[in-house]
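**Student:** Below is the structure I would like to discuss, written out as C-alpha cells.
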Amino acid sequence: MSTYTIIAGLIFLAAIFGYLNARFLKLPTTIGLMLITLLYTVAVLGLSYFDDTLLRAEAELIQGIDFERVLMDYMLSFLLFAGALHTNYDELKKQGAAIVAFATLGVVTSTFLIGTLTFYLLQLLGMPVSYVYCLLFGAIISPTDPIAVLGILKQARAPKKLEIKIVGESLFNDGVGVVLFLTLFEIADASQGPIGAVDIAVLFGQEVFGGLLLGVALGWVAYRLIKSIDDFSTEIIITLAAVMGGTVVAQEFHLSAPLAMVAAGLAIGHDQVRASAMSETTELYVDKFWELLDILLNAVLFVLIGMEMLILTFTGSYLLAGLLAIPIVLLSRHAALWLPVRLFSRKLDFVPHTHKIITWGGLRGGISIALALSLAEEMNREMFLVMTYVVVVFSILVQGLTIERVVRRLLPTA
C-alpha cells in the first residue's frame, strides 16, 4: 500500500469519525475520535468472523505504518510546537519551579515506583520479568501526554493557574520521559555493553540541555527573521522551517527534539515577541495555521491509536496485567507528585485539591504507545505493549471523560 494511500485512508477515517463525533456524540475531539475508532475496530473484528475482507484491508493499512517512527520522528515535533506556541509564557514562568519539579523529580520518582510495583505484580501473576524491563515500562507510562492533555483541558474549564501547571508539566515531562526511557533502554540493551554513571549523565545532559538550547536558538533565529519582514505567508513558512529543520538537527546530534520544539514554541509565542515581530495579520494567520495543523494531526493520531488494537497480541494474562497496572500508575503518580506539591504549595498558592486533580488529569496517549513499540522483543515487548495500551485507553476514555466532573466536584466555585 502506497504512502499516499495510507495518508488518504487515515484522513478519510478521521474526517468521518470527526463528523460523527461533532454531529452526535459532541465529546472532546480526542476522546470522541478514540471512542468511535475503538468501536469501529471492534465491529471490524466482529465482522471478520463472517467476512474478513475489511479486517485484512484495515490490518494492511495499520501494518504499513511505523507508528513509533511516524509519531516520534514526524508528528510529535509539530504537535509540541503548536501546543507551546499557544501557551502563555508569562503564566508558565510564574509556575516554572513547580513545573520543573513535576517534570523531573515527578517523572523519575514515578518511573521507579511503577517499575518496582510492576516487577512484583508480574511475579504474583506468574510472569516474572527482569527489573530493568519493568523500569522501562515505568518510563513509558510515567510521562503525561501533552497531545491528550491540551485538547481535553480546553473543555474542562479548570482554573487558569491549575491548568497552566498541568499543561506546562505535560509539555516538559514528555521530553524528560523520552530521555529517561532512552537512558534505561541503553542500560537494558545487553548488545551495547556496560554503561556507567558518567555515560548516563552525559546522555541525559546532552539530550535535555542540548535540546533546550537548540529550541531557544531556533526561536531567536525565527524571531529575527520574522521581525525583519512583513509578509504573513513567508513568516508562517519560517515557523514551519524552524520545526522541520530543528527536528532534523536534533536527531542528527542526539538532542531531545520534543524539548527543542517546546522551547522554540514558547520563544516564538511569547507576547513580547509577537508584539515586536508580528503584525496583527501575521499573528492571526500564524495562530490559525498551527491551530489547524494541530487539529488535523491530533485527529489522525487518535484514529491511529484506536486502530493499533488490530495488531496487538491480546491474551488474558496480558489484559489482566494491564488492568492491574492502572491503579499502580495512578497511585505512583499521586505519590510522585506529593513532594513537589508540598514544596511549592505555599509559595505558589495552589488551588485546593491540586494534587488530586493533577493526578487524575495526567493523561497518557500516543507517546507511551510509540515508546512501547520501540522495545525489543527480548524486553517482553508484546506484554508491555498491551499493558500500555490498556492504561492509555483507560486514561483517555475514563479520566478524560471525567476530569471536568472531578474539577467541578473538588472546586465547586471554579
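**Student:** Test Ile403 against the stated conditions and say whether it is in the same structural domain as Phe302 (by TED's automatic domain parsing) and closer than 17 Å to Phe302 by Cα.
**Tutor:** Criteria not met by Ile403.
**Student:** Also, quick follow-up: Would you be able to say whether some residue in region 79-95 is surrounded by 15 or more Cβ atoms within 10 Å (Cβ to Cβ), under 14 Å from Val303 (Cα atoms) and either under 22 Å from the mean Cα position of the chain (by Cα) or at pLDDT 90 or above (or both)?
**Tutor:** No: zero hits.
**Student:** While we're on this one: Please go through region 355-414 and give me each residue that is in contact with a helix residue (DSSP H, G or I) (Cβ under 8 Å, 6 or more places away or on another chain) and small (Gly, Ala, Ser), ordered by number.
**Tutor:** Result: Gly361, Gly362, Gly365, Gly366, Ser368, Ala370, Ala372, Ser374, Ser395, Gly400, Ala414.
Yes or no, residue by residue, for (1) surrounded by 12 or more Cβ atoms within 10 Å (Cβ to Cβ); (2) in contact with an Asp or Glu (Cβ under 8 Å, 6 or more places away or on another chain):
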{"residue": "Leu180", "(1), (2)": "yes, no"}
{"residue": "Ile187", "(1), (2)": "yes, no"}
{"residue": "Gly196", "(1), (2)": "no, no"}
{"residue": "Asp199", "(1), (2)": "yes, yes"}
{"residue": "Leu203", "(1), (2)": "yes, yes"}
{"residue": "Glu207", "(1), (2)": "yes, no"}
{"residue": "Asp230", "(1), (2)": "yes, no"}
{"residue": "Thr234", "(1), (2)": "yes, no"}
{"residue": "Leu240", "(1), (2)": "yes, no"}
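**Student:** Would you check if Leu85 is touching a residue at least 60 places away in the same chain (Cβ under 8 Å) and under 23 Å from Val286 (Cα atoms)?
**Tutor:** In short, yes.
**Student:** Now for a different question. In region 184-195, is there at least one residue being more than 26 Å from Thr282 (Cα to Cα), of a type in the set (S, T, N, Q) and part of a helix (DSSP H, G or I)?
**Tutor:** Taking every residue of region 184-195 in turn, at least one turns out to be more than 26 Å from Thr282 (Cα to Cα), of a type in the set (S, T, N, Q) and part of a helix (DSSP H, G or I).
**Student:** If you don't mind, another one. Thr109 - would you say it is in a helix (DSSP H, G or I), at pLDDT below 90 and within 25 Å of Gln399 (Cα to Cα)?
**Tutor:** no
**Student:** Is it the case that region 387-396 has a residue that's of a type outside the set (Gly, Ala, Ser), surrounded by fewer than 21 Cβ atoms within 10 Å (Cβ to Cβ), over 18 Å from Met309 (Cβ atoms) and out of contact with any strand residue (DSSP E or B) (no Cβ under 9 Å at 6 or more places or on another chain)?
**Tutor:** no
Results for (1) among the polar types (S, T, N, Q); (2) surrounded by 23 or more Cβ atoms within 10 Å (Cβ to Cβ), shown as yes or no for each residue.
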position	(1), (2)
Ala103	no, yes
Thr109	yes, no
Ile114	no, yes
Leu117	no, no
Pro128	no, no
Val132	no, no
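**Student:** Has region 150-160 got at least one residue that is at pLDDT 80 or above, surrounded by 22 or more Cβ atoms within 10 Å (Cβ to Cβ) and in a helix (DSSP H, G or I)?
**Tutor:** Start the filter on region 150-160 by keeping residues that are at pLDDT 80 or above, which leaves none.
For region 150-160, residues at pLDDT 80 or above, surrounded by 22 or more Cβ atoms within 10 Å (Cβ to Cβ) and in a helix (DSSP H, G or I): absent.
**Student:** For region 110-130, does any single residue satisfy the condition of being more than 21 Å from Ser317 (Cα to Cα), in the same structural domain as Thr359 (by TED's automatic domain parsing) and not polar (S, T, N, Q)?
**Tutor:** yes
**Student:** Hey, among the residues in region 226-277 that are over 20 Å from Arg69 (Cα atoms) and outside any helix (DSSP H, G or I), which one's nearest to the chain's Cα centre (by Cα)?
**Tutor:** Out of the qualifying residues, it is His270.
**Student:** A follow-up question, please. Output the residues belonging to region 6-63 that are assigned to a helix (DSSP H, G or I) and polar (S, T, N, Q).
**Tutor:** First pass over region 6-63, keeping only residues assigned to a helix (DSSP H, G or I): 6-25, 29-47, 53-63.
Once the filter is applied, which keeps residues that are assigned to a helix (DSSP H, G or I) and polar (S, T, N, Q), region 6-63 yields Asn21, Thr29, Thr30, Thr37, Thr41, Thr53, Gln63.
**Student:** Here's something else I'd like to know. Any residue at all in region 266-275 that's at pLDDT below 95, more than 14 Å from Thr87 (Cα to Cα) and aliphatic (A, V, I, L, M)?
**Tutor:** Checked against the condition, which is being at pLDDT below 95, more than 14 Å from Thr87 (Cα to Cα) and aliphatic (A, V, I, L, M), region 266-275 yields at least one hit.
**Student:** Limited to region 30-67, what total is found for residues that are of a type in the set (Phe, Trp, Tyr) and either at pLDDT below 90 or surrounded by 15 or more Cβ atoms within 10 Å (Cβ to Cβ) (or both)?
**Tutor:** 2
**Student:** I would also like to ask the following. Condition test on Tyr285, is it outside any loop (DSSP other than H, G, I, E, B), surrounded by fewer than 17 Cβ atoms within 10 Å (Cβ to Cβ) and in contact with a helix residue (DSSP H, G or I) (Cβ under 6 Å, 6 or more places away or on another chain)?
**Tutor:** So Tyr285 passes the test.
**Student:** Counting only residues that are over 19 Å from Phe102 (Cβ atoms) and at pLDDT 90 or above, give me the helices (runs of 4 or more DSSP H) lying completely in region 312-414 with at least 2 of them.
**Tutor:** 316-348, 366-373, 381-394
The values are calculated or read from the model by the stated rules, or taken from the named source; none is laboratory data. On a predicted model such as this, the values are computed, not experimentally measured, just so you know. Methodologically, a virtual Cβ is constructed for each residue, glycine included, from the backbone with ideal geometry; neighbour enumeration extends over all protein chains shown.
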